[in-house]
Amino acid sequence: MQGLESLLVVVLVAALTPMIVAALPGPGIPQVVILILAGVLIGPQGLGLADTTGIKLISNVGLGFLFLLAGYELDPRLLRARAGRLAIIGWVISAVIAVGAVAILGSLGFLRAFVPIGLALTTTALGTLLPILQDNHMLSGDFGRYILAAGAVGELFPIVAISLFLTGRGEFVAIASILAVGVMAILLTLVPRIIGPARVRAIIHQGRRATSQTTLRWSIVLLLLLLAAAQRFGLDVVLGAVLAGMVLRSWTHGIDIDVTPLEGKLDAVGYGFFIPVFFVAAGMGLDVHSIAQNPLRLLVFFVLLLVVRGLPSLLVYRRALPLRQRAEMTFITATTMPLLIALAAIGLSTGVMLPANAAALVGAGVLSVLVYPLIAIALARRGGTVPAGPDAAAAGRGAGGDGGIVSAARAAGEPGAAGDAGAADGHGAAPPE
């Protein structure tokens, strides 16, 4: 019953969050920030109204849903296009800078977990950013494609690196495990072909609006299957979630059928229940006392996220985007959070990360979600590509604020939606080579 009571408090917080955001003056604060801060308030280090013990499984499924939706937005063809190539170059530059940064901090005795912290500085919170940017109309045209590619690389590459270097096993075993889960995912993409497109379309049409909800149920089965497979092979479950999203995309885009109803249901189930529970639980587990005792650590990581992950955008996209949009990309790519929680947990469980650094790293991620997207949105409004005033407030606090990742984000990820060099709208305008 104690777990049920904690879940009730968490769900109540999730239900109140949109109302709190709507009531706050000024630009809309991302709901994820309110959820995390509310988790701190109701958690063991706050009022003690709830704890994570009874909701841990639901929270982990919420993390899985967050990365499933991010993986669903990732079109592998986008990584082969110009946007993907630039994103990969940007991540490699970030990784090189991260190596130098952690080496300097290590020599100063500031840290001892080189790999987890180095990887953390190269991440981008695509799953967290999508609803924020969608609410502010920043995902259309070429600019949206660059964001999606940079965010996807900033999640996928660190996830693979986590599975390779932080599983506590030999590199050969780690590579074999990744390949095994990857082969499993590839085989799952063949399921619609084995069953037959006509039969798949019939199943979807028969069950998508009835009480059976066939497509939604199989989507959840797919997610849990790959989460369990990743865990069984000793990999981080985030990798399984991303692969589940990519497999689901191949299922839905491999047949000629309208997938909008399924996408709406996934958003509703994920952002309506599981994902808010994950963010509140993350706040409940945040070590506020360690941060308060040494706030300098948080500020150091907060600045390093911008320097390591954000600043390379100014160089990488110099021929693709004007300066203002490169500045927007700088703050967007520097926004991170969910992977920081996973990396901090891994660092603590293996004993290589100082508890103070783990807390500061997660705290820096929370602060980045609060600050960096708002700066990017402010820059976009100054450029006239994001509506300001009442329209912007309505956009930021409307139905999409609950996490609805709707058609514009998905259209931006389709290679056919806009050319690599052509502009789809004012925000997607790019100067010629």
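I need the shape label for region 6-59. Rule: rounded when a/c is under 1.5, else prolate if a/b > b/c, else oblate, with a, b, c from the alpha carbon gyration tensor.
prolate
For a Förster distance of 30 Å, can you work out the FRET efficiency between the beta-carbons of ALA345 and ALA81, rounded to the nearest 0.05?
Approximately 0.30, to the nearest 0.05.
How would you order 269-275, 318-324, 130-136 from highest to lowest mean count of nearby Cβ atoms within 10 Å?
130-136, 269-275, 318-324
Every number in this text was worked out from the coordinates using simple rules, so none of it is lab data. Computed from a predicted structure; not experimentally measured. When we count neighbours, we look across all protein chains shown, and the Cβ atoms used for this are built from the backbone with ideal geometry, even at glycine.
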